[in-house]
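Input: a single structure, listed below in structure tokens.
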Amino acid sequence: MSDEDKQAEIDRKKAEVRARLEAQAAGKKAKKGFMTPERKKKLRLLLRKKAAEELKKEQERKAMERRKVIDERCGQPKDLESASEEHLKQICKEYFDRMYLCESQKYDMEFEVRKRDFEINELNIAVNDLRGKFIKPTLKKVSKYENKFAKLQKKAAEFNFRNQLKTVKKKEFTMEDDEAGAEKKKPGWALGAKEGEVK
């Protein structure tokens with residue numbers, strides 16, 4: 001092969017590669033351009049609409065189930081307007097019996113739940129004992145200076161109490177007559193007289 005043939009072959013291969021690359025780029029552009037902002041907006045609106053419809057259907061289904069359960073438990077509503085007195089008494093008795101039954105069932109269920117909780121707790125303790133893991137009680141953090149501080153406060157309170165007490169003078173509680181009589185009755189030596197002197 002001559003140089004010209006080789007050059008022509010190389011050019012042909014380059015053209016093929018270029019054409020293939022352009023085709024791939026065009027395909028990518030077409031894919032990118034498929035979801036335009038308008039289409040995305042429409043798609044979001046459709047999805048929201050569909051979700052709202054599904055939510056509404058779900059709510060209706062739940063309301064129907066709830067109504068069905070209420071009808072099963074309470075029965076159909078009674079015609080109270082056109083009922084006679086005897087019929088009203090019978091309706092009241094039916095409702096009372098049903099309420100009594102429901103309350104007894106509720107009490108039994110609550111008792112069963114408490115019993116199961118107690119059993120679960122006991123089994124947990126037994127399992128922890130077997131494993132050697134003991135439940136540590138939560139300890140309250142206490143300051144080591146708190147006790148000393150409390151003692152100091154107590155002493156300070158006692159000191160303040162002592163300072164606030166009034167000093168009592170003896171004269172406040174003695175009567176004037178007693179003072180005069182006491183001085184007269186006292187012997188001379190007690191009044192401060194020297195020997196030989198008499199007041």
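Details
- Here Lys78 meets each of (1) open to solvent by less than 100 Å² (accessible area, probe 1.4 Å); (2) in a helix (DSSP H, G or I) with one exception, condition (2).
- In this structure, Lys49 does not qualify as at pLDDT below 90 and either in contact with a Phe, Trp or Tyr (Cβ under 9 Å, 6 or more places away or on another chain) or open to solvent by 100 Å² or more (accessible area, probe 1.4 Å) (or both).
The values are calculated or read from the model by the stated rules, or taken from the named source; none is laboratory data. All values derive from a computational prediction rather than experimental measurement. Methodologically, a virtual Cβ is constructed for each residue, glycine included, from the backbone with ideal geometry; neighbour enumeration extends over all protein chains shown. For accessibility, only protein heavy atoms count, side chains too; no ligands or nucleic acids. Shrake-Rupley method; radii C 1.70, N 1.55, O 1.52, S 1.80 Å.
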